[in-house]
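Presented below is the structure to which this report refers.
The values are calculated or read from the model by the stated rules, or taken from the named source; none is laboratory data. All of these numbers come straight from a predicted model, not from anything done at the bench. Quick reminder, even Gly has a Cβ in these numbers, built from the backbone with ideal geometry, and neighbours come from all protein chains shown.
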Amino acid sequence: MTERLLCETCNKSYASIFSLSNHKRISHADKKDNNRVKNVEDGLYHCRYCETQSFINSKYRWSHEQKCKPQLVDILAENEKIKQENEKIKQEKDAQYKILTQKIIKLQNKLIKNNSLTTKSFNSLNKLLMERSYTNQSHNTNSLNTINNNCLQICNVGKEDILNVLTEQQKKQILNARHSALDKLVEIAHCGNYNQFKNVVITNLKDEFAYQYDSSKGFFVTVKKNDLIADIIEYRIYDINDIYDEMENGNKINAHTKSVLKKFMEKYESDEPFEDDNGTKHINYKEYKKDCIKILLYNNHERITKDIATLIEEHSSTFVDSK
């Protein structure tokens, strides 16, 4: 009797090597060589590269794969090239960010170094205002009226008549600044040419105190910096709303600016966490704006101090002449 050949997978026996081979190809090839036979589930030959094309014949698939494989290689090569280019761009940006960071640190150190001189200058001015105020009180029976008559024409925070003072061009500049509308308003009002609004001085970013003008006393008083910044922002937001209404009623604001300002106000009212362009995370957008306004006022405190000095000189001359 002729020895039968066993299939090592299922132990079936066959009389010839051809029968055994045919059995393996039909019954077990999907487990051993899925690249050469039909897929068991749908009975088709699927391309091993694009995974989207299928064929009823393995020769058709082979012919397709000769074109598909080089394309896949090209795509992979292009992806790798793009990846390398993106990595290069990232490295360049990181290098630029590092250089910028070093410049900022250098500038901050310079500001901190010069801060004591500026603070001393402002304290000298405020001391002069305090001495004048106390002198007026000691030499006059009706001291309150005397103080009010002799104090500088600087408004208290929240008492600024912004809407009736700013020009139409300045109002347009503020609204056109869009997301920076608040910053622009503070810059124009508190740091610009309106000396009556020079009522806030920040001489140091490190400590928690700032100076706020008190018209009833005639000099600047020390207050909590964060509370002061919060008050300024709230009052200036009201002003922006008033300016917006005025410009909208006069058809002097375009649709895009309206849309951006609306989004700005929505972000301002939101309690969602906010991340700025430098990747710094803030509790919310309002806290981010507090930092912006704080830095803006600090960066302009030298000009504010000089303008207050000029205002004191002009006020003193006027007061002496009136006597």
TODO: Could you tell me whether segment 97-117 includes any residue that is modelled with pLDDT of 80 or more, surrounded by 10 or more Cβ atoms within 10 Å (Cβ to Cβ) and of a type outside the set (D, E, K, R)?
DONE: no
Task: Filtered residue count, segment 218-234, keeping only those that are touching a residue at least 12 places away in the same chain (Cβ under 8 Å), charged (D, E, K, R) and assigned to a helix (DSSP H, G or I) - done: 2
Task: So residue 271, is it loosely packed, with under 12 Cβ neighbours inside 10 Å, modelled with pLDDT of 90 or more and assigned to a loop (DSSP other than H, G, I, E, B) - done: yes
Open item on the list: Just checking, does segment 16-32 include any residue being at pLDDT below 75, loosely packed, with under 12 Cβ neighbours inside 10 Å and assigned to a loop (DSSP other than H, G, I, E, B)?
Closed with: yes
Task: segment 242-257 - residue that is in a helix (DSSP H, G or I) and touching a residue at least 12 places away in the same chain (Cβ under 8 Å) and, of those, nearest to residue 180 (Cα to Cα) - done: 257
Open item on the list: Which pairs turn up if I take residues in segment 277-294 that are within 23 Å of residue 227 (Cβ to Cβ) and free of Cβ contacts under 8 Å to residues at least 60 places away in the same chain and look for partners that are of a type in the set (Val, Ile, Thr) and in a helix (DSSP H, G or I) with beta carbon separation below 8 Å, at least 6 apart in sequence or on another chain?
Closed with: 286/233
Open item on the list: Just checking, does segment 217-231 include any residue being surrounded by fewer than 18 Cβ atoms within 10 Å (Cβ to Cβ), in contact with a Pro (Cβ under 7 Å, 6 or more places away or on another chain) and among the charged types (D, E, K, R)?
Closed with: no
Open item on the list: Which condition from (1) of a type in the set (Phe, Trp, Tyr); (2) within 29 Å of residue 203 (Cβ to Cβ); (3) in contact with a Lys or Arg (Cβ under 7 Å, 6 or more places away or on another chain) is the one that residue 264 breaks?
Closed with: (2)
TODO: Please tell me if residue 74 is surrounded by 11 or more Cβ atoms within 10 Å (Cβ to Cβ), at pLDDT 70 or above and acidic (Asp, Glu).
DONE: no
- [ ] Output the number of residues of segment 247-268 satisfying the condition of being loosely packed, with under 15 Cβ neighbours inside 10 Å and over 25 Å from the mean Cα position of the chain (by Cα).
- [x] 5
Open item on the list: Let me spell it out: the conditions are (1) touching a residue at least 12 places away in the same chain (Cβ under 8 Å); (2) closer than 19 Å to residue 188 by Cβ; (3) in a helix (DSSP H, G or I), and residue 306 meets all of them except one. Which number is the exception?
Closed with: (1)
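Looking only at residues in segment 279-305 that are among the basic types (Lys, Arg) and surrounded by 15 or more Cβ atoms within 10 Å (Cβ to Cβ), which one is farthest from residue 130 (Cα to Cα)?
First pass over segment 279-305, keeping only residues among the basic types (Lys, Arg): 281, 286, 289-290, 294, 303.
Filter once more, so that each one left must be surrounded by 15 or more Cβ atoms within 10 Å (Cβ to Cβ): 286, 289-290, 294.
Values: 286: 35, 289: 32, 290: 29, 294: 25 Å.
Of everything passing the filter in segment 279-305, 286 is farthest from residue 130 (Cα to Cα).
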Open item on the list: For residue 58, only one of the following conditions fails: (1) among the polar types (S, T, N, Q); (2) within 42 Å of the chain's Cα centre (by Cα); (3) at pLDDT below 80. What is its number?
Closed with: (2)
Task: Single residue of segment 173-213 satisfying the filter (charged (D, E, K, R) and at pLDDT 95 or above) that is surrounded by the fewest Cβ atoms within 10 Å (Cβ to Cβ) - done: 183
